[in-house]
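Accompanying notes for the structure given below.
The values are calculated or read from the model by the stated rules, or taken from the named source; none is laboratory data. Quick caveat: nothing in here was measured; it's all calculated off a predicted structure. Cβ: placed from backbone, ideal geometry, glycine included. Neighbour counts: every protein chain shown. Side chains are part of the model used for accessible areas, which takes the heavy atoms of the whole protein and leaves out ligands, DNA and RNA. Shrake-Rupley method; radii C 1.70, N 1.55, O 1.52, S 1.80 Å.
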2 protein chains.
Amino acid sequence: MHTPSIKTLLASLSPLPSVLVRGWVRTRRDAKGFSFLELNDGSCLANLQCVVDETVPGGDRLKEILTGAAVAVQGELIPSPAKGQQWELKAVSLELIGPAPEDYPLQKKRHSDEFLRSIAHLRPRTNKFGALFRIRSEASFAVHDFFRNQGFTYVHTPILTGSDCEGAGELFRVTALPRGSKEDAAADFFGRDAFLTVSGQLEAEPLALSLGKVYTFGPTFRAENSNTARHAAEFWMIEPEMAFFDLTANMDLAEAFVKAVARHLLDHCAADLALFNQWVDKECLARLTQVADAPFERLEYREAVRLLQAACDAGESFQYPVAFGTDLQTEHERYLAEKKFGKPVFLCNYPASIKPFYMRVNDDQETVAAMDLLVPTVGELIGGSQREERLEVLQARMQAQGLDPAPYWWYLELRQYGSAPHAGFGLGFERLLMFATGIPNIRDVIAYPRTPGSLEF
Amino acid sequence: MHTPSIKTLLASLSPLPSVLVRGWVRTRRDAKGFSFLELNDGSCLANLQCVVDETVPGGDRLKEILTGAAVAVQGELIPSPAKGQQWELKAVSLELIGPAPEDYPLQKKRHSDEFLRSIAHLRPRTNKFGALFRIRSEASFAVHDFFRNQGFTYVHTPILTGSDCEGAGELFRVTALPRGSKEDAAADFFGRDAFLTVSGQLEAEPLALSLGKVYTFGPTFRAENSNTARHAAEFWMIEPEMAFFDLTANMDLAEAFVKAVARHLLDHCAADLALFNQWVDKECLARLTQVADAPFERLEYREAVRLLQAACDAGESFQYPVAFGTDLQTEHERYLAEKKFGKPVFLCNYPASIKPFYMRVNDDQETVAAMDLLVPTVGELIGGSQREERLEVLQARMQAQGLDPAPYWWYLELRQYGSAPHAGFGLGFERLLMFATGIPNIRDVIAYPRTPGSLEF
């Protein structure tokens, strides 16, 4: 039998004579001869209040129904006399589908984030994580919807890769050989070393240079042994790549994209966002609204360094010093986005010395056409660049960075066969969710977070 | 400058006095004093014919422009006198952005699939692969659109997992230790063995038992050393999981889902599908239309075995024998879907002995509430089941299959805390694309296929 969701019922325009709902009991309150069951089915934050008389079929089991139990309630949807809810369900029958014991871990009280991480299989049953996962889903849809409307093709770049894309070295290796095997890479599944991707960019470029505008949205990996609130070993990235785009077009797209996702969440997740605005971060709604409506700032890296140095001179204290040629730290990024401009800021044209080989060298020979988007609370949200489309310049950059060109033969060939200016960027999806909800720890925006030493579930 | 796509231009309702297009030259044909450039920008299958006079700015470089070159053409969109196209571009200026040499690998002729696999970075520039990747993108969107409209939450289950989900054993192992390292699992990144997931189902179940209806859409992996046209080491799966669904509701959803994707492709990819219908599989449009419009067949496994045995008796020759308790082979699946019924067929209630521990045991104690969807040309497209929600039955099944329950503590807890009937299925996305296009080799529906010994790009 098809069961309407509680979300659908609560949005009903009129009473309904006979409906069946199934869900989990959040609380039971007893009165004389009847009980109130607060029922949640995950379709929305709100519960449906069910008023169940002891005398209805199944009502004799009312007292067995504890927090966490799965039940089915049949009844009449009627206007609720209670405050704050339009409808309630007057039960005509009750079925206890799956009981929950008295020691069910999610009793009605606040639980610490640490405790909830230890029960990742149950935490989506809390208001907070239910809301988070609905927001995560809507944000994902907003990504696809935005790019499709802009004429992009969604592409799946490989997770398994033979090359260490950015020379970062923090790669997970993949093998089909048993642990401790003495056989070498030639005897392994692919006949060579295989790694988990850190970025789909290099593989997306050939697709952009044929399909025009493409984007990836998939998992990426870092074997970085750092236990911080901002790093996970596995996370999802969105990486658009566009033929015939320069750095300005790239920033225009990135700005339109972030605005569209913010607007989509405001339009489709109002109740769930309100929870975060009330309990987690009182600024998150204001921040999302500002992002959706107000233009972002754009600034040269060089100018940003000047501003940061001036801030230092004026008494701002940073842990790390700043000078032209240094990578900015999160404290610097947040200072610019939060204190200096109070909104998202693009920095562009970074020193070539601190950026990867594939970024396009500017005419000054000192900087590359890179851009980062810095946002309040999380710092860097997006990193991107125009790509080097000139074969000789690219080869020189690879040589300067000590990269063996051999595995990049196909990447280099793109610069020989109808090469064209192109650009793209990467956005860490979990950072976007942290920005939208104010959740400070990446472990709490992922269903089953993977961090050093942590692989449960 | 914003450049309209060729798709947009070819759909124009009126002439346009001044447009700029950028793309890659498919062919150049010379006439007296001018040339025709067939331009493609990946936005659609069709090219835009550009008529370029030698005398326009940049026209002096016309003869340098070979197949594969990237160019920009500015001009006037006017009605085309040529057959089969409504519009052409009369150039007022031409820019050669990136030349292509005479030995550019994609000259205008047919290329073998094997050759094109060796240039995976260039093959999306062919009509066939351009069409395939646009279909792949639209099919992906159809997946998200369908489930969202049905009230599902999109969830990201982990790629890195500590457990061998189905006891299949064909797992890639992931490590942060160097090859040949003598250190054991305790010294590795997660402090234990880590694998690439073969299915997100077990991790999706807790999310269904809280959010109600969820689905995954992400990469999965098999370290299966078999070089066939149907197997890849990395492929994308769609796995919906629904609380309070039984096997019939599961089949209803699967049927509605496959129909919706077929309908979406027919509605949004007509030109690209027509290419496959003409050159690859003359049945693919008819097949998609039938799938979208006609009800699927439903059949007990037991009955299917009887039909197959009857077919044997009537002279049908199969390589593998069939009896109750055997797994059906692709030849049997295709016989049922192609010859016997001529449409998609659900088989349900398989013998428990050939199905995994998590499938719900039927009252006959001999079968489980499993269902497979068999379709013409690819055989099994979907595998699913109602899940065992009864703790004792689940534990007994795990014991019977020799599984250590310890790592499944959280999966078992779902059966203690508000357990509820639930069901789900998995669909291999590449199989769906093979079904839709008639492409016979999985290597040709993936941008960069990963198979034994093959990890290029």
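Per-residue shielding of B:273-285, expressed as the average number of other chain Cβ atoms within 10 Å of the residue Cβ, stands at 0.
Taking a ≥ b ≥ c as the square roots of the eigenvalues of the Cα gyration tensor of chain B, is the shape rounded (a/c under 1.5), prolate (a/b larger than b/c) or oblate? The shape class here is prolate.
The lysines whose alpha-carbon is closer than 27 Å to the alpha-carbon of B:Lys339, local same-chain residues fewer than 8 away aside, are B:Lys259, B:Lys282, B:Lys355.
Helices meeting the span-like rule in chain A (full DSSP H runs, Cα extent of at least 30 Å along the helix axis, mean Kyte-Doolittle score of 0.0 or higher): A:247-268.
Residues of region B:256-278 with amide nitrogen under 13 Å from the 7 Å Cα-to-Cβ point of B:Arg298? From region B:256-278, the list is B:256. Modelled this way, with points 7 Å down the Cα-to-C-beta line, the labels at A:Thr326 and B:Thr289 are 6.9 nm from one another.
Annotation: amide H-H contacts under 5 Å for B:Phe324 (H modelled 1.01 Å from N, sequence separation of 5 or more, or interchain): none. Placing a label point 7 Å from the Cα of A:Gln278 along the Cα-to-Cβ direction, the residues of region A:5-46 whose backbone N falls under 12 Å from that point are A:45-46.
Roughly how many nanometres apart are two label points built 7 Å out from the Cα toward the Cβ at B:Ser317 and A:Arg110? Result for the modelled spin labels: 7.6 nm.
Basic side chains Lys and Arg get +1 at the Cβ, acidic Asp and Glu get -1 at the Cβ, and with that the dipole of region B:80-161 about its Cα centre reaches some 240 debye. Taking every alpha-carbon pair under 8 Å whose residues sit at least 6 apart, chain A reaches a relative contact order of 13 percent.
Across region A:229-382, the relative contact order, built from alpha-carbon pairs under 8 Å that are at least six residues apart, equals 19 percent.
Each peptide in A:361-372, B:213-224 gets a packing score, the mean of other Cβ atoms within 10 Å over its residues, and the list from highest to lowest is B:213-224, A:361-372. Each part reduced to its alpha carbon centroid, region A:383-456 and region A:234-267 end up 14 Å apart. Taking all protein chains into account, the per residue accessible area for the protein assembly as shown stands at 38 Å² (1.4 Å probe). FRET efficiency for the B:Asp246 to A:Gln416 pair, using the beta carbon distance and R₀ = 45 Å, is estimated at 0.15. Expressed as a whole percent, the accessible surface of region B:6-98 that belongs to carbon and sulfur atoms is 55, based on a 1.4 Å probe. What shape does region B:238-373 have by the C-alpha gyration tensor, where a ≥ b ≥ c are the square roots of the eigenvalues, rounded means a/c under 1.5, and otherwise prolate means a/b greater than b/c and oblate the rest? Oblate, because a/c is 1.5 or more while a/b does not exceed b/c.
Per-peptide packing, taken as the mean over residues of other Cβ atoms within 10 Å, places B:62-73, A:305-316 in the sequence B:62-73, A:305-316 from highest down. In the protein assembly as shown, the calculated helix contribution to ellipticity at 222 nm averages -8500 deg cm²/dmol per residue, counting -39,500 (n - 2.57) for every DSSP H run with n ≥ 4.
Remark: mean inter-chain Cβ contacts per residue of A:203-209 equal 5, using a 10 Å Cβ-Cβ cutoff to other protein chain atoms.
Take each residue in A:116-129, count the other chain C-beta atoms within 10 Å of its C-beta, and the mean is 4.
Within the accessible area of region A:130-224, the carbon and sulfur atoms contribute 42%, probe 1.4 Å, all protein chains present.
Peptides B:246-257, B:284-295 ranked from most to least packed give B:246-257, B:284-295, packing being the mean of other C-beta atoms within 10 angstrom over each peptide's residues.
The distance from the alpha carbon centre of region B:152-229 to that of region B:274-309 is 32 Å, rounded to a whole number.
Can you bin region B:34-138 into rounded, prolate or oblate? Criterion: square roots of the alpha carbon gyration tensor eigenvalues sorted a ≥ b ≥ c, rounded for a/c under 1.5, prolate for a/b above b/c, oblate for the rest. Note, shape of region B:34-138 comes out oblate. The label-point distance for A:Glu338 and B:Gln365, in a model that sets each label 7 Å from Cα toward Cβ, rounds to 6.5 nm.
Take the accessible area of chain A alone and of chain B alone, subtract that of the pair, and you get about 8800 Å² summed over both chains, using a 1.4 Å probe. Lysine pairs in region A:1-158 whose alpha-carbon atoms fall under 20 angstrom of each other, counting only those eight or more residues apart or on distinct chains, come to 9.
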